[in-house]
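In what follows, a structure is listed as C-alpha coordinates, so that the remarks can point back to it.
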Amino acid sequence: MSRGDGKIGVRADAQKNADAIVIAAGKVFAESGVNAPVREIAAQAGVGIATIYRRFPTRSEIVAAVFRGEVDACADDARKRLQSDPPVAALAGWLHRYTEFIATKRGLATALHSGDPAFKDLPGYFRTKFEPVLEELLNAGAEAGQVRTDIPAYDILRAVGNLCVAYDNEGDAHTRRMVDVLVDGLRKV
(Lines give C-alpha, C1' and ligand atoms only; values in the text may rest on other atoms or scores of the structure.)
Protein backbone atom coordinates (compact mmCIF):
# COMPACT_ATOMS: atom_id res chain seq x y z
CA MET A 1 0.00 0.00 0.00
CA SER A 2 1.39 3.37 -0.98
CA ARG A 3 1.66 6.20 1.52
CA GLY A 4 1.67 8.82 -1.21
CA ASP A 5 5.42 9.37 -0.95
CA GLY A 6 6.41 6.55 -3.27
CA LYS A 7 7.19 4.19 -0.37
CA ILE A 8 5.25 1.15 0.63
CA GLY A 9 3.60 1.50 4.05
CA VAL A 10 1.88 -0.84 6.46
CA ARG A 11 -1.83 -1.17 5.80
CA ALA A 12 -3.99 0.50 8.44
CA ASP A 13 -5.60 -2.79 9.49
CA ALA A 14 -2.21 -4.48 9.73
CA GLN A 15 -0.91 -1.65 11.92
CA LYS A 16 -4.04 -1.85 14.06
CA ASN A 17 -3.44 -5.60 14.52
CA ALA A 18 0.24 -5.02 15.36
CA ASP A 19 -0.71 -2.40 17.96
CA ALA A 20 -3.35 -4.72 19.45
CA ILE A 21 -0.80 -7.55 19.62
CA VAL A 22 1.74 -5.38 21.45
CA ILE A 23 -0.86 -4.14 23.94
CA ALA A 24 -2.18 -7.67 24.50
CA ALA A 25 1.32 -9.10 24.85
CA GLY A 26 2.15 -6.49 27.48
CA LYS A 27 -0.88 -7.54 29.52
CA VAL A 28 -0.19 -11.25 29.08
CA PHE A 29 3.49 -10.86 29.94
CA ALA A 30 2.58 -8.91 33.09
CA GLU A 31 0.23 -11.69 34.20
CA SER A 32 1.94 -14.84 32.93
CA GLY A 33 5.52 -13.87 32.09
CA VAL A 34 7.29 -13.57 28.74
CA ASN A 35 7.05 -17.31 28.10
CA ALA A 36 3.24 -17.29 28.07
CA PRO A 37 1.71 -19.20 25.17
CA VAL A 38 1.22 -17.19 21.98
CA ARG A 39 -2.40 -18.33 21.93
CA GLU A 40 -2.96 -16.25 25.11
CA ILE A 41 -1.64 -13.17 23.33
CA ALA A 42 -3.77 -13.95 20.24
CA ALA A 43 -6.91 -14.35 22.36
CA GLN A 44 -6.22 -11.13 24.26
CA ALA A 45 -5.57 -9.23 21.00
CA GLY A 46 -8.53 -10.73 19.17
CA VAL A 47 -6.38 -12.00 16.30
CA GLY A 48 -5.31 -15.38 15.03
CA ILE A 49 -1.97 -16.96 15.89
CA ALA A 50 -0.94 -16.70 12.21
CA THR A 51 -1.44 -12.92 12.40
CA ILE A 52 0.96 -12.75 15.33
CA TYR A 53 3.63 -14.80 13.56
CA ARG A 54 3.19 -12.81 10.35
CA ARG A 55 3.96 -9.56 12.20
CA PHE A 56 6.31 -10.96 14.87
CA PRO A 57 8.05 -14.11 13.59
CA THR A 58 9.78 -14.70 16.96
CA ARG A 59 8.75 -14.28 20.58
CA SER A 60 11.75 -12.04 21.14
CA GLU A 61 10.40 -9.57 18.57
CA ILE A 62 7.14 -9.34 20.52
CA VAL A 63 9.04 -8.87 23.78
CA ALA A 64 11.19 -6.13 22.22
CA ALA A 65 8.12 -4.35 20.82
CA VAL A 66 6.40 -4.47 24.22
CA PHE A 67 9.53 -3.14 25.92
CA ARG A 68 9.86 -0.26 23.44
CA GLY A 69 6.19 0.64 23.87
CA GLU A 70 6.51 0.70 27.63
CA VAL A 71 9.70 2.77 27.46
CA ASP A 72 7.88 5.24 25.20
CA ALA A 73 4.91 5.46 27.56
CA CYS A 74 7.14 6.06 30.57
CA ALA A 75 9.15 8.74 28.73
CA ASP A 76 5.94 10.44 27.56
CA ASP A 77 4.76 10.53 31.17
CA ALA A 78 7.73 12.74 32.08
CA ARG A 79 6.74 15.33 29.49
CA LYS A 80 3.12 15.30 30.67
CA ARG A 81 4.26 15.87 34.23
CA LEU A 82 6.43 18.79 33.13
CA GLN A 83 3.35 20.44 31.66
CA SER A 84 1.10 19.88 34.65
CA ASP A 85 3.21 19.78 37.82
CA PRO A 86 5.69 22.08 39.56
CA PRO A 87 9.30 21.06 38.69
CA VAL A 88 10.22 19.10 41.83
CA ALA A 89 6.82 17.39 41.96
CA ALA A 90 7.21 16.46 38.28
CA LEU A 91 10.69 15.06 38.96
CA ALA A 92 9.61 13.07 42.02
CA GLY A 93 6.44 11.83 40.35
CA TRP A 94 8.30 10.68 37.26
CA LEU A 95 11.05 8.96 39.25
CA HIS A 96 8.33 7.02 41.06
CA ARG A 97 6.76 6.17 37.69
CA TYR A 98 10.20 5.05 36.50
CA THR A 99 10.49 2.72 39.53
CA GLU A 100 7.16 1.16 38.53
CA PHE A 101 8.54 0.65 35.03
CA ILE A 102 11.61 -1.06 36.47
CA ALA A 103 9.53 -3.21 38.80
CA THR A 104 7.44 -4.52 35.92
CA LYS A 105 10.57 -5.39 33.97
CA ARG A 106 12.06 -7.72 36.59
CA GLY A 107 10.61 -10.72 34.76
CA LEU A 108 12.06 -9.51 31.46
CA ALA A 109 15.63 -9.24 32.72
CA THR A 110 16.55 -12.80 31.76
CA ALA A 111 15.07 -12.41 28.29
CA LEU A 112 16.66 -9.01 27.71
CA HIS A 113 20.11 -10.32 28.66
CA SER A 114 19.80 -13.57 26.72
CA GLY A 115 22.01 -12.48 23.82
CA ASP A 116 19.08 -12.63 21.40
CA PRO A 117 19.75 -10.19 18.54
CA ALA A 118 16.22 -8.76 18.88
CA PHE A 119 17.30 -7.25 22.22
CA LYS A 120 20.67 -5.89 21.12
CA ASP A 121 19.48 -2.30 20.63
CA LEU A 122 17.19 -2.09 23.66
CA PRO A 123 19.74 -0.71 26.19
CA GLY A 124 20.53 2.12 23.77
CA TYR A 125 16.82 2.68 23.15
CA PHE A 126 16.26 2.87 26.90
CA ARG A 127 18.98 5.51 27.31
CA THR A 128 17.94 7.60 24.29
CA LYS A 129 14.41 7.83 25.66
CA PHE A 130 14.98 8.17 29.40
CA GLU A 131 18.09 10.34 29.68
CA PRO A 132 16.66 13.27 27.69
CA VAL A 133 13.36 13.34 29.59
CA LEU A 134 15.13 13.14 32.93
CA GLU A 135 17.43 15.95 31.80
CA GLU A 136 14.33 18.01 30.94
CA LEU A 137 12.95 17.38 34.42
CA LEU A 138 16.27 18.26 36.05
CA ASN A 139 16.66 21.39 33.92
CA ALA A 140 13.14 22.54 34.83
CA GLY A 141 13.99 22.09 38.50
CA ALA A 142 17.32 23.88 38.08
CA GLU A 143 15.68 26.78 36.23
CA ALA A 144 13.26 27.12 39.15
CA GLY A 145 16.28 27.20 41.48
CA GLN A 146 15.15 24.02 43.22
CA VAL A 147 17.37 21.23 41.87
CA ARG A 148 21.13 20.69 41.77
CA THR A 149 22.84 20.70 38.39
CA ASP A 150 25.88 18.54 39.17
CA ILE A 151 24.36 15.04 38.86
CA PRO A 152 24.12 13.52 35.36
CA ALA A 153 20.76 12.04 34.36
CA TYR A 154 22.30 8.64 33.65
CA ASP A 155 23.73 8.47 37.19
CA ILE A 156 20.26 9.15 38.60
CA LEU A 157 18.68 6.49 36.38
CA ARG A 158 21.25 3.98 37.58
CA ALA A 159 20.80 5.02 41.20
CA VAL A 160 17.04 4.55 41.01
CA GLY A 161 17.57 1.19 39.33
CA ASN A 162 19.78 0.16 42.24
CA LEU A 163 17.17 1.37 44.73
CA CYS A 164 14.59 -0.89 43.08
CA VAL A 165 16.41 -4.05 44.13
CA ALA A 166 14.27 -5.43 46.94
CA TYR A 167 16.22 -7.07 49.73
CA ASP A 168 13.31 -7.89 51.96
CA ASN A 169 9.55 -8.07 51.95
CA GLU A 170 9.14 -4.26 52.03
CA GLY A 171 9.77 -4.00 48.27
CA ASP A 172 7.76 -1.14 46.78
CA ALA A 173 7.28 0.79 50.03
CA HIS A 174 11.01 0.76 50.64
CA THR A 175 11.73 1.84 47.07
CA ARG A 176 9.28 4.75 47.33
CA ARG A 177 10.95 5.98 50.53
CA MET A 178 14.41 5.67 49.01
CA VAL A 179 13.40 7.56 45.86
CA ASP A 180 11.98 10.30 48.08
CA VAL A 181 15.35 10.45 49.87
CA LEU A 182 17.11 10.64 46.49
CA VAL A 183 14.85 13.50 45.37
CA ASP A 184 15.55 15.33 48.64
CA GLY A 185 19.26 14.92 47.90
CA LEU A 186 18.76 16.46 44.44
CA ARG A 187 17.17 19.57 45.91
CA LYS A 188 19.27 22.69 45.85
CA VAL A 189 19.99 23.78 49.39
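The values are calculated or read from the model by the stated rules, or taken from the named source; none is laboratory data. Predicted model, so just to flag it, every value in this text is computed and none were measured. Glycine gets a Cβ as well: all are built from the backbone with ideal geometry, and neighbour counts include every protein chain shown. What goes into the accessible areas is simple: the full protein's heavy atoms, side chains included, and nothing from ligands, DNA or RNA. Shrake-Rupley method; radii C 1.70, N 1.55, O 1.52, S 1.80 Å.
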**Prompt:** For the Cα atoms of the chain, what angle does the longest principal axis make with the long axis of helix 122-143, in degrees from 0 to 90, nearest 10?
**Reply:** 30
**Complete:** So for R0 = 41 Å, FRET eff. of His113-Arg187 from the Cβ-Cβ r, to 0.05, ends up at 0.75
**Request:** Express the relative contact order of the chain as a whole percentage, based on alpha carbon pairs under 8 Å and six or more residues apart in sequence.
**Result:** 18
**Fill in**
Sorting Phe56, Phe101, Phe126 by the position of each Cα along the dipole of the chain (Lys, Arg +1; Asp, Glu -1; all at Cβ), the one nearest the positive end of that ordering is Phe56
**Prompt:** Tell me, what is the per residue accessible area of the range 40-95 in Å², probe radius 1.4 Å?
**Reply:** 46
**Complete:** Taking placed amide H atoms and a strict 5 Å upper bound, the residues 5 or more places from Val147 or on another chain that come that close are Ala142, Lys188
**Prompt:** Could you state the number of Å between the C-alpha centres of the range 77-138 and the range 16-55?
**Reply:** 23
**Request:** Could you look at the chain and say what percent of its accessible area is carbon and sulfur, using a 1.4 Å probe and all protein chains?
**Result:** 52
**Message:** Among Asp172, Asp76, Asp85, which one shows the highest mean-square fluctuation when the chain is modelled as a Gaussian network with alpha-carbon springs under 10 Å?
**Reply:** Asp85
**Message:** Need one number: the % of Cα-Cα pairs in the range 5-105 sitting beyond the 25 Å mark.
**Reply:** 34
**Request:** Can you tell me the order of 11-23, 125-137 when each peptide is scored by its average per-residue count of other Cβ atoms within 10 angstrom, highest first?
**Result:** 125-137, 11-23
**Request:** Give the total of Lys-Lys pairs in the chain with Cα-Cα distances below 21 Å; include a pair only if its members are 8 or more places apart or on different chains.
**Result:** 7
**Prompt:** Can you give the calculated 222 nm mean residue ellipticity of the chain, where each DSSP H run of n ≥ 4 adds -39,500 (n - 2.57) and the sum is split over every residue, rounded to the nearest 500 deg cm²/dmol?
**Reply:** -23000 deg cm²/dmol
